[in-house]
Amino acid sequence: MTYEIEMIGIRKEFPGVVANDNIDFAVRKGEIHALVGENGAGKSTLMNVLFGLYQPDAGTIKIRGEEVKFNNNLDSIAKGIGMVHQSFKLVPSFTVAENITLGHEPSKLGFVDKDAVRENVIKISKRFGLKVDPDSRIRDMPVGIQQRVEILKALYLLSDILILDEPTGVLTPQETDELFEVVRSLVATGITVIFITHKFREVMAISDRVTVLRDGKWIGTKDTKDTNPKELARMMVGREVLLRIDKTEANPKEQVLTVENLKVLDNRLQEAVRDVSLSVKAGEILGIAGVEGNGQRELVEGIIGLRTAVAGDIRINGKSITKMSVRQRRDYGISCVPEDRYVRGVALRASLEDNLIIENYDKAPISKGQVLNLKKIAQHASRLISEFDIRTPSSKVIASTLSGGNLQKVVLAREIDARPKLLIVAQPTRGLDVGSIEFVHRRILEARDRGAAVLLVSAELEEVMSLSDRIAVLYEGNIVGTVKGGEATEEELGLMMAGITDEGEDQRDSHSVEQQVSQEV
Ligand SMILES: Nc1ncnc2c1ncn2[C@@H]1O[C@H](COP(=O)(O)OP(=O)(O)OP(=O)(O)O)[C@@H](O)[C@H]1O
Ligand SMILES: [Mg+2]
């Protein structure tokens, strides 16, 4: 039998790591093949080799039985391969249509034919049932829609083989379902799909076969119907993994965070947080549940000071911080793992060591006066690398060489290690593998038990339910209900997240969303 894709004996080494170690990987025509493995297992590297972005140090690639050698991604595109990358590579200031056709624009008399660009994009958008507005700019769109644009960009070149590197990492469950519909319809037209994910339910729901990598090595390939999440977790991690954590009772103490009648605007100057009051005590986790885009991001940014509160008050241990700068608030004991950590969480071109001291570089023992203590910096990094199991060949490498999940652990390590009074974690386990999720959940609980007030924002209902002592549901910028952690069912929370509360009252209020605030903030 000829495979659509055959990768044989692939080896790829980076300074200090063998990212792919003699991997055999074969994909049948028209199947959905899931590729799973821990953070840093070598999934993205293997796919970058297949896409021609990396040259393997050893091994061969066959497409439809024919041996190929890709010197760059134009070679692989010519063979019908398209790839949607883990971190988006769209141009924020360009429109959807410009992004999709970038580098392959139709031209007329030597100029880009703008009408043809739009028409082509509308055509493929219709053909694949992926709705996008060709004229919107990427920077104004929610990530779920950006993901669609990424996929259309790959499909624009009429790919026969589509590589999706963690396409659901940033999607809501609804968006994920929509994506699955698209993927199924693509496969029905004969396209072959390779799908990288950390979520077992996605593997089980959509794939025909699944391949597991660990530490750069091939561990096994299974028919999805013959395996289960437990077995996959064991193959990935090499040990039994608790798929759910056991949480002890909280022991709440004094009130740390008080938010009163907070109002915060979004980038378009609309009220994203309308009138939110909440409180978090030392030693307790307050979970914020809600469909993404209901003000979560602005609430977090309002509390940490990245956005100005247009009304209301924020207090830490009774002292108002509403007028303080970001830095002052941090010094006052707030740590935050932001949701968009590639942008706000790390300095990609700085070393791991530097990234880990961003918060305390000006304090002893890291520095004395104006002088940095390089030895202490190295020790600090080594300790966090080992405590948080960050997989990297050294603490001196630049952050961008780390795998997606490991980069995230860098931010978590730095923020949790700061021992804040208030720890804010937004989407803390997005993009993490099962073993790391278990680990991060335990660290968040430890921070709570050490006396931190924890504000957890997560789009994963399961995560909110398993970690929170209390859950507040955010809907269109307001908290529509608060429940005790152990007491709410998924259905109840789901209803509240849709704006339907106990009284059967629909909280929607379309007028105030439209309210434009003309003043610059
Ligand atoms: N450009 C690079 N330079 C140096 N090292 C790299 C580079 N790309 C990847 N690596 C290393 O290769 C290993 C495998 O990384 P890869 O990105 O393939 O992992 P992954 O399985 O995709 O992980 P994740 O689930 O976190 O995305 C990691 O140890 C990573 O640090
Ligand atoms: Mg990856």
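The residue of segment 320-337 that is farthest from the chain's Cα centre (by Cα), among those that are assigned to a strand (DSSP E or B) and not aliphatic (A, V, I, L, M), is SER320. Among the residues making up segment 160-209, those that are of a type in the set (Val, Ile, Thr), within 16 Å of ligand 2 (Cβ to nearest atom) and touching a strand residue (DSSP E or B) at 6+ places or on another chain (Cβ under 7 Å) are ILE163, ILE194, ILE196, THR197, VAL203. For ILE334, the test of being more than 16 Å from ligand 1 (Cβ to nearest atom), out of contact with any strand residue (DSSP E or B) (no Cβ under 6 Å at 6 or more places or on another chain) and aliphatic (A, V, I, L, M) is failed.
Would segment 363-378 turn up any residue that is assigned to a loop (DSSP other than H, G, I, E, B) and under 25 Å from the mean Cα position of the chain (by Cα)? Scanning segment 363-378, I find no residue that is assigned to a loop (DSSP other than H, G, I, E, B) and under 25 Å from the mean Cα position of the chain (by Cα), so the answer is no. Quick check on my filter: what residues within segment 22-55 are away from ligand 2 (no atom under 16 Å from the Cβ) and charged (D, E, K, R)? Within segment 22-55, ASP24, ARG28, LYS29, GLU31 meet the criteria. You will find that of LEU262, LEU232, LEU213, the residue that is surrounded by 19 or more Cβ atoms within 10 Å (Cβ to Cβ), in contact with a strand residue (DSSP E or B) (Cβ under 9 Å, 6 or more places away or on another chain) and not assigned by TED's automatic domain parsing to the domain that holds PRO56 is LEU262 and no other. Residues in segment 464-473 that are surrounded by 23 or more Cβ atoms within 10 Å (Cβ to Cβ) and in a helix (DSSP H, G or I): 2 in all. For segment 56-94, taking the residues that are closer than 20 Å to VAL210 by Cα and at pLDDT below 90, the one that is nearest to ligand 2 (Cβ to nearest atom) is identified as GLN86. Residues that are among the small types (Gly, Ala, Ser) and more than 26 Å from ARG448 (Cα to Cα) within segment 335-365 comprise ALA347, ALA350, SER351, listed in sequence order. Please verify whether segment 450-460 includes one or more residues that are part of a helix (DSSP H, G or I), away from ligand 2 (no atom under 16 Å from the Cβ) and not assigned by TED's automatic domain parsing to the domain that holds GLN86. No: zero hits. The single condition among (1) within 30 Å of LEU299 (Cα to Cα); (2) surrounded by fewer than 17 Cβ atoms within 10 Å (Cβ to Cβ) that LEU257 does not satisfy is (2).
When segment 408-443 is filtered for residues that are in a helix (DSSP H, G or I) and either touching a Lys or Arg at 6+ places or on another chain (Cβ under 8 Å) or within 16 Å of ligand 2 (Cβ to nearest atom) (or both), the ones remaining, listed by number, are GLN408, LYS409, VAL410, VAL411, LEU412, ILE416, VAL434, GLY435, SER436, ILE437, VAL440. Any idea which residue in segment 299-319 is farthest from GLN255 (Cα to Cα), counting only those that are without any contact (Cβ under 8 Å) to a residue 60 or more places away in the chain and in a helix (DSSP H, G or I)? Among residues in segment 299-319 that are without any contact (Cβ under 8 Å) to a residue 60 or more places away in the chain and in a helix (DSSP H, G or I), the one farthest from GLN255 (Cα to Cα) is GLU301.
Every listed requirement among (1) at pLDDT below 90; (2) within 16 Å of ligand 2 (Cβ to nearest atom); (3) surrounded by fewer than 23 Cβ atoms within 10 Å (Cβ to Cβ) is met by GLY405 save one, (3). Please tell me if GLU105 is crowded, with 21+ Cβ neighbours inside 10 Å and either closer than 23 Å to GLN174 by Cα or without any contact (Cβ under 8 Å) to a residue 24 or more places away in the chain (or both). No, not satisfied. Of the candidates VAL203, VAL182, the single residue that is in contact (Cβ under 8 Å) with a residue 40 or more places away in the chain, assigned to a helix (DSSP H, G or I) and either more than 16 Å from ligand 1 (Cβ to nearest atom) or not assigned by TED's automatic domain parsing to the domain that holds MET47 (or both) is VAL182.
Residues in segment 11-47 that are hydrophobic (A, V, I, L, M, F, W, C) and within 12 Å of ligand 1 (Cβ to nearest atom): PHE14, VAL17, VAL18, ALA19, ILE23, LEU35, VAL36, ALA41, LEU46, MET47. Entry remark, segment 354-388: residues being within 16 Å of ILE416 (Cα to Cα), modelled with pLDDT under 90 and of a type in the set (D, E, K, R) number 1 in total.
The values are calculated or read from the model by the stated rules, or taken from the named source; none is laboratory data. Keep in mind the model is a prediction, meaning the values are calculated, not measured. Note: ideal-geometry Cβ built from the backbone for every residue, glycine included; neighbour counts use all protein chains shown.
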